[in-house]
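As structure tokens, the structure follows; a few thoughts come after it.
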Amino acid sequence: MTSFVVAYPTTAGASFDADYYLATHMPLVHEHFGPLGMTGARVLFPDQPDAPFAAVTTLEFADEAAFAAATSAPGAATVFGDVPNFTSITPVTMRAKSA
């Protein structure tokens, strides 16, 4: 299994619309990445005011090939292009493999 971790660092003056993220962006992620091998997603919102991240999301893919297919498909531009609609934060990303 391959994971794609997307973290939104807390930055002074930055905005992050959690309602939009959950109601619009994540369904968009599922719509475009689900058919290409995304097997699940988890969104975490810190419950402390001084947290280093506004949100952290983990997208799970069946394998590296599924991740590559999803992130290089035409729908990926729609998913990535939606980011400015809910945040002014530049996300930090990384791939990880489950142990």
*Here are 96, 51: which of them is in a strand (DSSP E or B) and small (Gly, Ala, Ser)?*
96
_Return the residues of the range 35-58 that are surrounded by 16 or more Cβ atoms within 10 Å (Cβ to Cβ) and farther than 16 Å from residue 86 by Cβ; say none if nothing qualifies._
36, 37, 38
_I need a count of the residues in the range 14-47 that are touching a residue at least 60 places away in the same chain (Cβ under 8 Å) and in contact with a Ser or Thr (Cβ under 8 Å, 6 or more places away or on another chain)._
5
*Name the residues in the range 81-95 that are out of contact with any helix residue (DSSP H, G or I) (no Cβ under 6 Å at 6 or more places or on another chain) and either modelled with pLDDT of 95 or more or surrounded by fewer than 12 Cβ atoms within 10 Å (Cβ to Cβ) (or both), would you?*
81, 83, 84, 85, 87, 88, 89, 90, 91, 92, 93, 94
*asked:* Condition (residue is among the charged types (D, E, K, R) and under 18 Å from residue 94 (Cα atoms)) applied to the range 36-43: is it met by at least one residue?
replied: yes
*Identify all residues within the range 55-73 that are within 19 Å of residue 98 (Cα to Cα), under 13 Å from the mean Cα position of the chain (by Cα), of a type in the set (A, V, I, L, M) and not in a helix (DSSP H, G or I); write none if there are none.*
56, 59
*Do any residues in the range 64-85 that are without any contact (Cβ under 8 Å) to a residue 40 or more places away in the chain have Cβ atoms under 6 Å from those of residues that are assigned to a helix (DSSP H, G or I) and surrounded by 13 or more Cβ atoms within 10 Å (Cβ to Cβ), where the two are at least six apart or on different chains, and which pairs are they?*
69/36; 70/33; 70/36
*Within the range 47-54, is there a residue that is within 13 Å of the chain's Cα centre (by Cα) and under 17 Å from residue 79 (Cβ atoms)?*
no
*Filter result for residue 60 (touching a strand residue (DSSP E or B) at 6+ places or on another chain (Cβ under 9 Å) and modelled with pLDDT under 95)*: no
*How many residues are hydroxyl-bearing (Ser, Thr, Tyr) and either within 18 Å of residue 27 (Cα to Cα) or in contact with a Cys (Cβ under 6 Å, 6 or more places away or on another chain) (or both) if we restrict to the range 63-97?*
3
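The values are calculated or read from the model by the stated rules, or taken from the named source; none is laboratory data. Only a predicted model underlies this, so the values are computations on that prediction, with no experimental measurement involved. A quick note on method: Cβ atoms are made from the backbone with ideal geometry, for glycine too, and the neighbour counts reach across all protein chains shown.
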